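These notes concern the structure reproduced below.
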Amino acid sequence: MVIHSGSILLGLAYLVLLVTAMGLLSSVAILIARKFRLAVKVAVASIGTLVAYLVAAALISMVTPQRVINVGDSYCWDLWCMGIEKVNAIPRGQEVMYKVDVRIFSDANTVKTSSDDASVYLMDDRGRRFPLMQDPDVIPINTPLTPGQKINTTLTFVAATNAKHLFLAGEAPLPARIPYSWRLVTVFMDLHFGYEKISHKPTLLRVA
């Protein structure tokens, strides 16, 4: 089963951004026409719409259950998708090495996609993080994918023996191509791996 990150808040976010941008442009035009009071009212209403959306999205996130994807299923962050196929746990004294076989594929029709600078890690039910171990013998997780392309690779992690209920999670910085003026808003929208900040809690892939 392939599960997508689509959220009604994502479509609403684009609508709110469009309305806000149109409102601010209108206020500038009105200001040029020297109708100062009306320009201020339009600008305040436009910004107020955006603020109201952000507050509503944050409240919804607080009450929305966290989504967990089971082994065998896949999840798509925007157009970049991943699913866990198999997990091998190898005891190593006070630690356990986890070899996580994953399938990565593109859900795009015309553009290339990748995980960009995203970092993945294991997280247990106590919130502890166990970083990805570098392995030059496997395909990198951030390999660019052409439309519809699929690759299989293995992610290696080392966790403490007392780490229970492990999940694969990730986060990513905002790409440099996103203008600074848009970045404050972008983190509230579910656009790509790591940006599920407000529209809903970050999705986790179950490992153990």
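Computed from the coordinates by the stated procedures, all read-outs in this text should not be read as laboratory data. Owing to the predicted nature of the structure, the values given are computational and were not obtained by experimental measurement. FYI the Cβ positions are ideal-geometry reconstructions off the backbone, even for glycines, and counts take in every protein chain you see.
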- Per the 1/(1 + (r/R0)^6) rule, R0 = 35 Å and r from the Cβ atoms of V63 and K150, FRET efficiency to 0.05 is 0.45
- Task: Note down the net charge around D124, summing +1 for each Lys or Arg and -1 for each Asp or Glu among other residues with Cβ under 15 Å from its Cβ.
- Result: +3
